[in-house]
Amino acid sequence: MQNANVIIPTYNEAESIAGLIDATHALGIEDVWVIDNGDDNTAAIAEEHAATVFKRHYKLTFGESIRDSLHNSLLAGFEYSVIMDAGNTHNPSDIPRLLHHAPSHDIVIGSRFIHPAPFLGFRTIISRAATMLFNDLFHSHFSDVTSGFRCYNLQAVNKHMELSESNMFAVQMELLAIVYHHGANCMEIPIEYKLTNSTFSIKMIPDAIKSLRRLTGEYATDRKRA
């Protein structure tokens, strides 16, 4: 297994976090970082299952916590970080597949939409619309730019981290845009996705729109990819 850690942002995931950590450890990945922002006992359970827990300070936004985690992972000596959702939304068995492509790609995205996927309601509409707009801006061919399951080459993403400004869940779409614009080699693989009660709020949409508007002005490029 590559020199990698797994980062799991959590919000009241006490029911599922133990199984997720154990399944990740079973893959041979020892370093699981839980970035907790809830008020239940998720953090305590994670520590009992040998994860490293970071409690998000109340002033630290989701976007800032993702950037900090990726930066600190590089400082800790990791080459790659896999970010995934808690709540059984993502299957840990897909982690080795993401890492398999990591040595030759700067970002490997776990896509929900490469293969025919079930309609997931409003979030499918938003994800598809964001991806269409992203592809139009960057002349790219991604199928799922909003996926929260992906692997980062830490050297590549940290090189441009200061350009990221998103405070919410659009941060990963924004990081993809920035790194892609600067010549990164990115790819997608199909993943297993399970719709659960994972966090999704209408409040995420303005942040995504704001990020895309900024990307239009600052990062959109005519450079076409095959």
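The values are calculated or read from the model by the stated rules, or taken from the named source; none is laboratory data. Since this is a predicted model, take the numbers as computed values, not measurements. A quick note on method: Cβ atoms are made from the backbone with ideal geometry, for glycine too, and the neighbour counts reach across all protein chains shown.
Residues are listed down the side, and each one gets a yes or a no for (1) within 19 Å of the chain's Cα centre (by Cα); (2) of a type outside the set (A, V, I, L, M); (3) surrounded by 23 or more Cβ atoms within 10 Å (Cβ to Cβ):
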| position | (1), (2), (3) |
| --- | --- |
| Val6 | yes, no, yes |
| Pro9 | yes, yes, yes |
| Ile29 | yes, no, no |
| Asn41 | no, yes, no |
| Ala46 | no, no, yes |
| Phe62 | yes, yes, no |
| Leu74 | yes, no, no |
| Glu79 | yes, yes, no |
| Ile83 | yes, no, yes |
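Kindly evaluate Leu74 against the criterion of being under 21 Å from Met173 (Cα atoms), modelled with pLDDT under 95, assigned to a helix (DSSP H, G or I) and of a type in the set (A, V, I, L, M, F, W, C). The answer is no for Leu74. Condition test on Glu48, is it at pLDDT below 95 and not β-branched (Val, Ile, Thr)? No: the conditions fail for Glu48. Yes or no: Ser104 out of contact with any Asp or Glu (no Cβ under 9 Å at 6 or more places or on another chain) and buried (at least 16 other Cβ atoms within 10 Å of the Cβ)? No.
Under the condition of being in contact with a Ser or Thr (Cβ under 7 Å, 6 or more places away or on another chain) and either in contact (Cβ under 8 Å) with a residue 60 or more places away in the chain or surrounded by fewer than 18 Cβ atoms within 10 Å (Cβ to Cβ) (or both), the residues counted in the stretch 135-150 number 3. The set of residues in the stretch 30-71 that are among the polar types (S, T, N, Q) and part of a helix (DSSP H, G or I) comprises Thr42, Ser65, Ser69.
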